[in-house]
1. Please enumerate the residues belonging to the range 345-356 that are touching an Asp or Glu at 6+ places or on another chain (Cβ under 9 Å) and assigned to a helix (DSSP H, G or I).
2. For the range 178-185, does any single residue satisfy the condition of being in a loop (DSSP other than H, G, I, E, B), in contact with a Gly (Cβ under 9 Å, 6 or more places away or on another chain) and more than 24 Å from ALA328 (Cβ to Cβ)?
3. Suppose we filter the range 134-153 for residues that are closer than 22 Å to ASP243 by Cα and either among the charged types (D, E, K, R) or surrounded by 17 or more Cβ atoms within 10 Å (Cβ to Cβ) (or both); how many remain?
4. For ILE317, state whether it is of a type outside the set (Ser, Thr, Tyr) and within 17 Å of GLU285 (Cβ to Cβ).
5. I'd like to check something: does the range 302-320 contain any residue that is of a type outside the set (Asp, Glu), within 19 Å of THR155 (Cα to Cα) and not in a helix (DSSP H, G or I)?
6. Only one residue in ASN333, ASN324 is in a helix (DSSP H, G or I) and outside the structural domain of ALA220 (by TED's automatic domain parsing). Which one?
7. State whether one or more residues within the range 162-175 are outside any helix (DSSP H, G or I), hydrophobic (A, V, I, L, M, F, W, C), in contact with a Phe, Trp or Tyr (Cβ under 6 Å, 6 or more places away or on another chain) and modelled with pLDDT under 95.
Amino acid sequence: MKPAGAYLDSLSGFADIIGTIRQAENAANELIRETSGTPFGKTDAKNPVDMPENKNIATADNEKVKEAIKTTKKDEKSPQVTETQTETATEEAPVVEKTQEELLETLDALVGLDNIKQSVKSLINLVKIRKLREENELPNPPLSLHMVFAGNPGTGKTTVARILSELYKAIGVLSKGQLVEVDRSGLVAGFVGQTAIKTSEAVTSALGGILFIDEAYALAPDTGAGNDFGRESIETLLKLMEDHRDDLIVIVAGYSDPMERFINSNPGLESRFNRYFFFEDYNSEELYEIFDLMCVKSEYILTEDAKEFAHEHFKMIYENRDENFGNARHVRNFFENIVTVHSDRVSTLEEHTRDDLTTIVLEDMEKAAEV
């Protein structure tokens with residue numbers, strides 16, 4: 001058996017190699033406290049751990065040191081791992097990927113969007129059959145998976161794009177399945193030569209997944225300016241889409257009419273973006289359903305007259321909507337206003353019951369609608 005001092009030397013050596021000094025130090029300190037009372041890294045002049053009388057220490061606690069050595073021992077040729085890297089690796093939870101069936105269930109659970117759900121499923125079926133044909137050495141016609149998401153804000157475009165990225169990962173079309181969201185500011189710089197670099201960086205971060213460009217028409221403003229850097233971004237994007245066509249999908253999104261002008265502004269865009277998804281506005285009942293889901297998730301209960309008010313409210317805003325209609329965004333803002341008004345009212349009560357904390361009354365709805 002090695003003397004205690006030898007164990008300490010081994011611990012220190014192994015900890016230096018793999019960067020886990022703290023683990024080894026804790027095990028050593030526990031042993032020394034019970035044997036010599038000297039902390040790791042220090043010596044006691046009256047009773048040092050390497051003095052002859054301490055050479056034959058062999059308590060059961062030596063097994064803790066041996067275990068520490070076993071768990072930390074590595075090949076000396078292995079790259080050094082820093083303490084920060086070790087802690088990060090320990091703290092990060094493994095990513096649990098959803099199956100195709102689970103992702104389709106998530107898609108089906110979205111309110112409305114019936115035409116979008118069917119389009120997504122048809123696209124998934126198309127991709128699956130193409131892969132089967134390829135496995136059976138059958139030819140496939142050319143296919144572009146880049147898409148245009150057209151519609152008003154708050155209609156679920158980003159949500160569907162996120163589900164689609166995971167679906168493509170699940171069926172093997174994409175290697176990673178992440179969704180990277182950008183707009184003009186994330187692609188265009190203010191000086192000559194920098195836009196191509198900025199666009200390339202955005203594309204690189206999206207490789208293996210989907211690059212989602214919101215309000216993409218801002219890249220080609222209808223101003224006639226010949227030196228707009230947005231056009232440089234478009235040209236760079238088109239080239240990179242071709243270079244990485246096997247592991248990158250680009251979705252451009254925005255209002256319907258501006259998106260049509262954007263696609264028609266460049267022949268390269270027309271040839272690559274030939275698959276359109278039109279996101280229609282939510283009707284009044286769908287808006288109420290979205291609102292009700294928010295209430296249920298946050299455990300708020302509406303009185304009957306509050307429910308009636310909500311139905312009438314969403315019917316009114318739908319019938320009077322314009323091009324700036326926010327759809328689900330309006331619902332979320334309305335819900336947040338209600339929660340604020342409810343909190344103001346309940347905070348004035350001397351005592352609070354569970355019903356007080358969860359019940360939304362007509363007064364809350366009326367005040368929130370005025371905000």
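The values are calculated or read from the model by the stated rules, or taken from the named source; none is laboratory data. None of the values given here were measured: they were computed from a predicted structure. Cβ coordinates were reconstructed from backbone atoms using ideal geometry, including for glycine residues, and neighbour counts include every protein chain displayed.
1. ARG345, VAL346
2. no
3. Number satisfying all stated conditions: 5.
4. On the way: of a type outside the set (Ser, Thr, Tyr): yes; within 17 Å of GLU285 (Cβ to Cβ): yes.
So ILE317 passes the test.
5. Yes, some residue in the range 302-320 is of a type outside the set (Asp, Glu), within 19 Å of THR155 (Cα to Cα) and not in a helix (DSSP H, G or I).
6. Answer to the check: ASN333.
7. Scanning the range 162-175 turns up at least one residue that is outside any helix (DSSP H, G or I), hydrophobic (A, V, I, L, M, F, W, C), in contact with a Phe, Trp or Tyr (Cβ under 6 Å, 6 or more places away or on another chain) and modelled with pLDDT under 95.
Every residue, every condition in (1) of a type in the set (A, V, I, L, M, F, W, C); (2) in contact with a strand residue (DSSP E or B) (Cβ under 9 Å, 6 or more places away or on another chain), yes or no:
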| residue | (1), (2) |
| --- | --- |
| SER256 | no, yes |
| ILE263 | yes, yes |
| ASN274 | no, yes |
| GLU285 | no, no |
| SER298 | no, no |
| HIS311 | no, no |
| TYR318 | no, no |
| ASP322 | no, no |
